[in-house]
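Novice: Below: one structure in structure tokens.
The values are calculated or read from the model by the stated rules, or taken from the named source; none is laboratory data. Since this is a predicted model, take the numbers as computed values, not measurements. Positions of Cβ are generated from backbone atoms using ideal geometry, with glycine treated the same way; all protein chains shown enter the neighbour counts. Ligands, DNA and RNA are excluded from the accessible area calculation, which covers all protein heavy atoms including side chains. Shrake-Rupley method; radii C 1.70, N 1.55, O 1.52, S 1.80 Å.
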Amino acid sequence: MNAWLQAGAVLITGLGLVAAAAAWRLTHSVRAALAVLLDFLTAAGLLRLAGEPSWDSIILAAAVIALRKLLGASLHLSSANRTTSGGARPISPGR
């Protein structure tokens, strides 16, 4: 069963690379592509943990999840700054 899980993790990683390339091609955003890739890498890491969990696989999965959380927070802050600084402002109904 461990060989199947290992092969599945490798397959998910490969599909993640393809999906990240497609996300970049469609959105022209490196951040979106990186977010997609990290989601797939998280899935692959968790699949590896389903087999024989070792400290190396636990640390790797935790690092990918922490990086994904950090990137998600950074994307959220970046989009909040983009909407509040510059850009179009709504027209007030009184004017």
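Novice: Within the range 7-17, is there a residue that is touching a helix residue (DSSP H, G or I) at 6+ places or on another chain (Cβ under 6 Å), modelled with pLDDT of 90 or more and more than 19 Å from Leu67 (Cα to Cα)?
Specialist: Filtering the range 7-17 for residues touching a helix residue (DSSP H, G or I) at 6+ places or on another chain (Cβ under 6 Å) gives 8-9, 12-13, 16.
Pick out the ones that are also modelled with pLDDT of 90 or more and you get 8-9, 12-13, 16.
Next, only the ones that are more than 19 Å from Leu67 (Cα to Cα) stay: 8.
Yes, the conditions are met somewhere in the range 7-17.
Novice: Here is a follow-up. Can you tell me which residue in the range 37-46 is farthest from the chain's Cα centre (by Cα), limited to those that are surrounded by fewer than 19 Cβ atoms within 10 Å (Cβ to Cβ) and not polar (S, T, N, Q)?
Specialist: Start the filter on the range 37-46 by keeping residues that are surrounded by fewer than 19 Cβ atoms within 10 Å (Cβ to Cβ), which leaves 39, 42-43, 46.
Checking which are not polar (S, T, N, Q) leaves us with 39, 43, 46.
Values: Asp39: 4, Ala43: 10, Leu46: 14 Å.
Taking the candidates together, the pick is Leu46.
Novice: Still on this structure, please answer the following. Filter the range 1-16 down to the residues that are open to solvent by 100 Å² or more (accessible area, probe 1.4 Å), assigned to a helix (DSSP H, G or I) and more than 18 Å from Ala61 (Cβ to Cβ) and list them by number.
Specialist: Step one: of the range 1-16, the residues open to solvent by 100 Å² or more (accessible area, probe 1.4 Å) are 1, 4, 11.
Next, from what is left, pick out any that are assigned to a helix (DSSP H, G or I): 4, 11.
Across the range 1-16, the qualifying residue is only Trp4.
Novice: Pairs, please: C-beta under 6 Å, at least 6 apart or cross-chain, first residue touching a residue at least 40 places away in the same chain (Cβ under 8 Å) and in the range 1-24, second assigned to a helix (DSSP H, G or I) and open to solvent by less than 90 Å² (accessible area, probe 1.4 Å)?
Specialist: Leu5/Leu47; Leu5/Ala50
Novice: Which condition number in (1) under 24 Å from Ala20 (Cα atoms); (2) loosely packed, with under 13 Cβ neighbours inside 10 Å; (3) modelled with pLDDT under 90 is the one that Ala32 fails?
Specialist: With (1) under 24 Å from Ala20 (Cα atoms); (2) loosely packed, with under 13 Cβ neighbours inside 10 Å; (3) modelled with pLDDT under 90 applied to Ala32, the lone miss is (2).
Novice: Shifting gears a bit: Between a residue in the range 54-66 that is within 17 Å of Val10 (Cα to Cα) and any residue that is among the polar types (S, T, N, Q), which pairs come within a Cβ distance under 8 Å, given they are 6 or more apart or on different chains?
Specialist: Here the result reads Ala61/Thr42; Val64/Thr42, each pair linking the range 54-66 to a residue that is among the polar types (S, T, N, Q).
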